[in-house]
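Single-structure report; data block below.
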Amino acid sequence: MFSSRSFLCLITALAVVVGTISHEDNTVGALASKSESLRKLEGHVSNGDTVTIDETSVDTFFDQMAELIKALLGMGEDATAEEVMEEVEEVEAAAGEEEYEEDEEEEEEELEEEEELEIDAEAEEEGDDDINPCEGKKPSSVAYFDNQACVVDNIVAVLEQAGANVTKGYYGEMDVSGREPITENYSDVGLCPVNVHWHLGAEHLSVGQYDEDGHGPGDDHRNLADDARLGFRCHYYDAEDPRFTTEYDWQYCEGMHVGETYEVHWPHSAAGACGTKWQYQTPFYDGVFCVDGIISLDPLNTYEMIGVQGQIFTIINDEEYYRDGLFNGMVVDDEFGADITAYTGSTTGTTRDNEVCSKYTPITWQVDRNCHLISASSFDKMCKDMMEQAADMSGDLYAHGARELVDDYLAANNQMEGP
């Protein structure tokens, strides 16, 4: 079967032969210029000379070609040459439209193929992007990081611990010569926040701000509350003021209470998935150790690559104390973040105390010495932001227990003024 394009070519060629070559033209010039098949005569005689051709054979050839064209076009034998040419032009026009449509179809197919390739590439990219690159990065299998006894055979067997006394003028007793905390803003030295969580009461001590004389709802702060150890409290709580006693309708945070004191921590790391949707992680260790090859134990650079911001709040049910962006880091505004202690210490939490110590040390701490009032809605907005992260942060939507204050001999002697 002929394609429409092949059919058109055949019809056109035959029509040209029939309609434009007159068998009465028997000069070599005329024949050679009009029919490629007769051009072979050229070169044997001079242009302008005549040559005798058997007109009977030529007539027969042209008649046969004419009949063939008419048959291919479905025309009667009595059709004239002009009618044949008109039909050829119509076929040519129709074939042109068909060719245009075919070209359009080919272009559409090519576009569809390109779109499919783009979709596949995007799906592959999204597939990779849906895999949490930080999950499981906590070095749990590295024995070095296991908790251990703080003192072995009457010798301190660990490096500096946290949370420590951050009262202005305080210095610990552990000599940590050569290790200095980061005193610049973490963002200025390449660290990004990788988590936010908080503890029930303050793990640090700032005399006159959050200490043993602080108050809050419930019994003695040294007792267990909500199955979590309660740390120090601030001095704002007033049992006669409904702003401290009227519970807030919490939508996102879990187990939180108006009037209570909480210490919020924002771990930062130079090895975080900074600037990506995987920046924030729970547990925070996954975020801290997300990118390999940055944090090193030999040479030791942990206190230069890992830092924590700490800020202490008492929850008040009053929208005048609303602060947006609590999720992003320490509040620095007016009196917030205006008086900071920087020192090197360790990770905290109730699995450590003054007998069992953390081996995730040394890291930098920057702690606000002052306690601040903040609305319950500010905390709830922070929890909402946490729930919207790519990584599952549900394990940090409630308060964790507070480690007991670090003894002086386990606290570093390098307290400095922070940023």
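The values are calculated or read from the model by the stated rules, or taken from the named source; none is laboratory data. A quick note: this is a predicted structure, and the numbers were derived from the prediction, not measured. Virtual Cβ from ideal backbone geometry, glycine too; neighbours counted across all protein chains shown. The protein model used for the area step is the full one, side chains on, heavy atoms only, and it has no ligands, DNA or RNA in it. Shrake-Rupley method; radii C 1.70, N 1.55, O 1.52, S 1.80 Å.
When the residues of the range 386-400 are filtered to those that are part of a helix (DSSP H, G or I) and more than 16 Å from residue 267 (Cβ to Cβ), which remaining residue is least open to solvent (accessible area, probe 1.4 Å)? Taking the candidates together, the pick is 394. Checking each residue in the range 325-341 for being within 32 Å of the chain's Cα centre (by Cα) and not charged (D, E, K, R) picks out 325, 326, 327, 328, 329, 330, 331, 332, 336, 337. Residue 160 falls short on exactly one of the conditions (1) over 34 Å from the mean Cα position of the chain (by Cα); (2) open to solvent by 30 Å² or more (accessible area, probe 1.4 Å), and that condition is (2). Filtering the range 85-139 down to residues that are surrounded by 11 or more Cβ atoms within 10 Å (Cβ to Cβ) and not in a helix (DSSP H, G or I), which residue is modelled with the lowest pLDDT? The extreme case among them is 139.
Among the numbered conditions (1) under 26 Å from the mean Cα position of the chain (by Cα); (2) open to solvent by 30 Å² or more (accessible area, probe 1.4 Å), the only one that residue 380 does not meet is (2). Of the residues making up the range 235-286, those that are in a strand (DSSP E or B) and either open to solvent by 10 Å² or more (accessible area, probe 1.4 Å) or closer than 30 Å to residue 137 by Cα (or both) number 9.
The set of residues in the range 163-178 that are in contact (Cβ under 8 Å) with a residue 12 or more places away in the chain and either open to solvent by less than 80 Å² (accessible area, probe 1.4 Å) or among the small types (Gly, Ala, Ser) (or both) comprises 163, 164, 165, 166, 167, 170, 172, 174, 176. Among the residues of the range 402-419, those that are open to solvent by 10 Å² or more (accessible area, probe 1.4 Å) and not in a strand (DSSP E or B) comprise 404, 405, 407, 408, 409, 413, 414, 415, 418, 419. Taken over the range 246-279, the criterion of being touching a strand residue (DSSP E or B) at 6+ places or on another chain (Cβ under 6 Å) and aromatic (Phe, Trp, Tyr) is satisfied by 262, 266. Remark: residue 230 falls outside the filter, which requires a residue to be open to solvent by 10 Å² or more (accessible area, probe 1.4 Å), over 20 Å from residue 381 (Cβ atoms) and touching a Leu at 6+ places or on another chain (Cβ under 7 Å). All told, residue 348 meets the bar of being buried (at least 20 other Cβ atoms within 10 Å of the Cβ) and in a loop (DSSP other than H, G, I, E, B).
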